[in-house]
């Protein structure tokens, strides 16, 4: 995924109300940017951190600026939850997840379950369906180890139950965890942050739901899924 325009650099003043962030640009101008991330962003919101923003020319937008990347632990980390579905689609088309190769069709945001939409639906040549749910990951509390989630996610646990239902119905169901940082080789699940999610994942996997993790290269020019990440589940 290439950014349409060069990102603009600045320093984070503060993140607040979850979806807002004040930033001082390198030009000296202070602006308010949209933060497309509902999580806690634990470890990724320290005032003074180097950040990169995109700017939209859409006059209908309330905020022209969007926060895309932060520098943390010596690495660039993608923080926007607006991109993971596209990044995983690109990874699937590139064959980065061999276990999910050979599909004949790919659709995004398809209705299923109880008032839900599956992020990606893969259609096999034989008519078989694979339901793929994507989760964004950027928490790192131990060097080299990504963790999910960074806050309680009842919605995430609901998705696991619905994926298990798809397996019972004779379909394939897969979680793909997209690690938007280059410095993690493994992924674990933060039971201390959300024990209910960790338990739901364990149950879902016992019921046939598959799980994979992939890591990204993050730059001010592009973000790209480049490698498999070892899952500790």
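The values are calculated or read from the model by the stated rules, or taken from the named source; none is laboratory data. All values reported here derive from a predicted model rather than from experimental measurement. Note that each Cβ is placed from the backbone with ideal geometry, even for glycine, and that neighbours are counted across all protein chains shown.
When segment 170-203 is filtered for residues that are in contact (Cβ under 8 Å) with a residue 40 or more places away in the chain, over 18 Å from residue 41 (Cα atoms), touching a strand residue (DSSP E or B) at 6+ places or on another chain (Cβ under 8 Å) and assigned to a helix (DSSP H, G or I), only 201 remains. Taken over segment 110-132, the residue count meeting the criterion of being more than 23 Å from residue 217 (Cβ to Cβ) and touching a residue at least 12 places away in the same chain (Cβ under 8 Å) is 14. Residue count for segment 30-44 under the criterion of being farther than 19 Å from residue 222 by Cα and either surrounded by fewer than 20 Cβ atoms within 10 Å (Cβ to Cβ) or under 14 Å from the mean Cα position of the chain (by Cα) (or both): the result is 9.
Being within 12 Å of residue 190 (Cβ to Cβ) and part of a strand (DSSP E or B) is a condition met by at least one residue of segment 147-154.
Please indicate, with yes or no, whether at least one residue in segment 104-111 is at pLDDT 95 or above, surrounded by fewer than 20 Cβ atoms within 10 Å (Cβ to Cβ) and not in a strand (DSSP E or B). Checking segment 104-111: at least one residue is at pLDDT 95 or above, surrounded by fewer than 20 Cβ atoms within 10 Å (Cβ to Cβ) and not in a strand (DSSP E or B). A residue that is surrounded by 18 or more Cβ atoms within 10 Å (Cβ to Cβ), modelled with pLDDT of 95 or more and more than 23 Å from residue 79 (Cα to Cα) occurs nowhere in segment 139-146.
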